Amino acid sequence: MNMLMSGAILLHLMSALIWVGGMFFAYLCLRPVAASMLTPELRLPLWSQVFKRFFPWVWLAIISLPLTGHAMVWMFGGMQVVDWHIHLMMLSGYAMIAIFLHVYFAPYKRLNAAVAASDWPAAGSQLNQIRRLIGINLSLGLLTAAVAAFGRYAY
C-alpha cells in the first residue's frame, strides 16, 4: 500500500504542478510580454499555438488529479475520515476542471476559428475571455496548493 500511495501522491503532485505552473507562467510571464511586443496578427496565433501545446497536458492533469485524489482518499479510509482540507481541495479541483472544460469547448474553440479566419477582433475577444477564466483557475490552483500544504496544520 505504501508504494501505491507514494505513486499516487507523486502523480497527483506532478499533475498539479504542471497545470498550475503552466497557468502561472502563461498568465504572469508570457501574457504581459506578448501583449507589449506583438501585434494582434502575431499575438493571437501565438496564443492559439501555446494553448494547443499546453492543453493536452491539462487534459492529462484533469484525468489524473481526480483519479489519484479519490484513490488516496480511498486508501485513507474514505471521505468520512479525511479532514476538511481534503474536501476543500476536491471542491476547488472540480471547480477548476469545470472552468477548464468551459475554456476548452467554448472560447478556445472560438479563438481557433477566429484565428483561422484572421478575424482579429473576434480572436482578441475570445482570448480576453480565456485570460479572465485562467486568472480565476490560477487563483483557485494557488489556493488549493496552499490548502494542501497547510490544511492539516490549521487546527
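Remarks
- When the stretch 98-155 is filtered for residues that are among the small types (Gly, Ala, Ser) and more than 30 Å from LEU13 (Cα to Cα), the ones remaining, listed by number, are ALA113, ALA114, ALA116, ALA117, SER118, ALA122, ALA123, GLY124, SER125.
- Taken together, the criteria place SER15 among residues that are at negative phi, polar (S, T, N, Q) and within 16 Å of the chain's Cα centre (by Cα).
- A search for C-beta distances below 7 Å between a residue of the stretch 137-150 that is more than 14 Å from VAL58 (Cβ to Cβ) and any residue that is of a type in the set (Ser, Thr, Tyr) and assigned to a helix (DSSP H, G or I), counting only pairs 6+ apart in sequence or on different chains, returns LEU143/SER92; THR144/SER92.
- Condition broken by ILE99, with the remaining ones in (1) without any contact (Cβ under 8 Å) to a residue 12 or more places away in the chain; (2) over 30 Å from MET3 (Cα atoms); (3) not polar (S, T, N, Q) satisfied: (1)
- When LEU46, LEU11 are checked against the criterion of being free of Cβ contacts under 8 Å to residues at least 24 places away in the same chain, assigned to a helix (DSSP H, G or I) and hydrophobic (A, V, I, L, M, F, W, C), a single residue qualifies: LEU46.
- Residues within the stretch 14-43 that are in a helix (DSSP H, G or I), of a type in the set (A, V, I, L, M), more than 18 Å from THR68 (Cβ to Cβ) and out of contact with any Phe, Trp or Tyr (no Cβ under 9 Å at 6 or more places or on another chain), tallied: 5
- Filter result (crowded, with 20+ Cβ neighbours inside 10 Å and either within 15 Å of ILE62 (Cβ to Cβ) or free of Cβ contacts under 8 Å to residues at least 12 places away in the same chain (or both)) within the stretch 102-119: VAL103, TYR108
- Residue count for the stretch 67-90, restricted to those that are among the small types (Gly, Ala, Ser) and within 14 Å of ILE9 (Cα to Cα): 2
- Test: HIS85 is in contact with a Lys or Arg (Cβ under 8 Å, 6 or more places away or on another chain), surrounded by 12 or more Cβ atoms within 10 Å (Cβ to Cβ), under 20 Å from LEU143 (Cα atoms) and touching a residue at least 24 places away in the same chain (Cβ under 8 Å): yes
- Check on ALA122, within 28 Å of LEU4 (Cα to Cα), surrounded by 16 or more Cβ atoms within 10 Å (Cβ to Cβ), aliphatic (A, V, I, L, M) and touching a helix residue (DSSP H, G or I) at 6+ places or on another chain (Cβ under 8 Å): no
Read-outs: derived from the displayed coordinates by stated rules, not from any lab. What you see is a predicted model; the values in this text were computed from it and never measured. Cβ sites come from the backbone with ideal geometry, for glycine too, and all protein chains shown count toward neighbours.
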